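Here the structure comes first, spelled out in structure tokens, and everything after it is commentary.
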Amino acid sequence: MRSVLPGAHDLKVRRRRRMGRFRLLLRLAFLPYSTSRGGYQLRAIWHFVTDFGDTAVTVPLAGLMVGFLLAMRRPRLAIGWGLAILGGASAVAVLKLVLSACDHPLNGFGLSSPSGHTAMSISVYGGFAAVIATTLTRPARAAVIAGTAALIIAIALSRILLNYHSTIEVAVGLAVGIAALAIIVAIVARHPPHRLSLGWLAAGALVVCALFHGTHWPAEQAINRLAGWLDFVRPWCS
């Protein structure tokens, strides 16, 4: 006799519909005419924005900041800053690896691969702002924080609008990035850099973006290949 309770498939369908509503609203708001010339131009803008969150940009920027802080004789801040970034990146990588090795058991909830772009954008760009803001006046500090927040939000939105990630995957990336950024803020508060040669840091960041923006490192493919070697863990996934 058939049960009156909804089956697992029905529950998954309902969850997917709920998770897709926000994404649909965003697409309607930002990509209303995706088949028109204007729609393609808007999509190109979002691709330009999302590339700032690629590891090809964020990892060299992180290395630049660590090297810069070491050159400015702030070794404790440099080490703490770098470890926080490494911890956030490792957390996202482990989540991606486990979900892939376990054959994506949370697909029904819209969670297949957490957004690394979002996590790295928050931790790296937010980490830059946390360091820079301590050396600025209050109006300049507010401007830096507002600009950084706008960039991070734009990158997170681009991952949804371009259909690279679901809303929940971006939310998980946000959570990981915020955790890493909170550690950075605490480290900066403990070891505040009062004087820094920000001109050199800005010049280095511009060079990194000019060299690496638009390139894509195969981080996701590497994780998926590694997950293929971990088939033996699947019996423990359930």
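The values are calculated or read from the model by the stated rules, or taken from the named source; none is laboratory data. Keep in mind the model is a prediction, meaning the values are calculated, not measured. All Cβ positions, even for glycine, are placed from backbone atoms using ideal geometry, and neighbour counts span all protein chains on display.
Residues being small (Gly, Ala, Ser) and assigned to a loop (DSSP other than H, G, I, E, B): count how many of those fall in the range 108-139.
Within the range 108-139, the subset small (Gly, Ala, Ser) is 108, 110, 112-113, 115-116, 119, 121, 123, 126-127, 129-130, 133.
Filter again for assigned to a loop (DSSP other than H, G, I, E, B), leaving 110, 112-113, 115.
Count: 4.
Please specify each residue of the range 83-120 satisfying the condition of being under 14 Å from residue 63 (Cα atoms) and either modelled with pLDDT under 95 or crowded, with 19+ Cβ neighbours inside 10 Å (or both).
Matches in the range 83-120: 84, 85, 89, 120.
Please go through the range 141-169 and give me each residue that is modelled with pLDDT of 95 or more, of a type in the set (A, V, I, L, M) and either at positive phi or surrounded by 20 or more Cβ atoms within 10 Å (Cβ to Cβ) (or both), ordered by number.
Matches in the range 141-169: 152, 155, 156.
How many residues are part of a helix (DSSP H, G or I) and over 18 Å from residue 89 (Cβ atoms) when one looks only at the range 154-170? Can you show your working first?
First, pick out the residues of the range 154-170 that are part of a helix (DSSP H, G or I): 154-161, 167-170.
From what's left, over 18 Å from residue 89 (Cβ atoms): 154, 157-158, 160-161, 167-168.
Of the residues in the range 154-170, 7 are part of a helix (DSSP H, G or I) and over 18 Å from residue 89 (Cβ atoms).
Residues that are part of a helix (DSSP H, G or I) and either of a type in the set (D, E, K, R) or more than 28 Å from residue 160 (Cα to Cα) (or both): does the range 93-104 have at least one? It would help to see each step written out before you state the result.
Residues of the range 93-104 part of a helix (DSSP H, G or I): 93-101.
Filter again for either of a type in the set (D, E, K, R) or more than 28 Å from residue 160 (Cα to Cα) (or both), leaving 96.
The answer is yes; a qualifying residue exists.
Pairs under 7 Å by beta carbon, first residue of a type in the set (S, T, N, Q) in the range 132-144, partner assigned to a helix (DSSP H, G or I), six or more apart or different chains?
134/188; 135/198
For residues that are over 22 Å from residue 203 (Cβ atoms) and touching a residue at least 60 places away in the same chain (Cβ under 8 Å), scanning just the range 56-82, find the one that is surrounded by the fewest Cβ atoms within 10 Å (Cβ to Cβ).
76
So how many residues does the range 186-238 have that are closer than 30 Å to residue 99 by Cα, in a loop (DSSP other than H, G, I, E, B), modelled with pLDDT of 75 or more and among the polar types (S, T, N, Q)? Outline the logic, then answer.
Filtering the range 186-238 for residues closer than 30 Å to residue 99 by Cα gives 212-238.
Adding the requirement that they be in a loop (DSSP other than H, G, I, E, B) leaves 213-218, 229-230, 237-238.
Checking the rest, the ones that are also modelled with pLDDT of 75 or more come to 213-218.
Those left that are additionally among the polar types (S, T, N, Q): 215.
Count: 1.
Any residue at all in the range 184-191 that is surrounded by 14 or more Cβ atoms within 10 Å (Cβ to Cβ) and without any contact (Cβ under 8 Å) to a residue 12 or more places away in the chain? Spell out how you get there, then give the answer.
Within the range 184-191, the first condition is being surrounded by 14 or more Cβ atoms within 10 Å (Cβ to Cβ), and the residues that meet it are 184-185, 187-188, 191.
Now narrow it down to the ones that are without any contact (Cβ under 8 Å) to a residue 12 or more places away in the chain: none.
Checking the range 184-191: not a single residue is surrounded by 14 or more Cβ atoms within 10 Å (Cβ to Cβ) and without any contact (Cβ under 8 Å) to a residue 12 or more places away in the chain.
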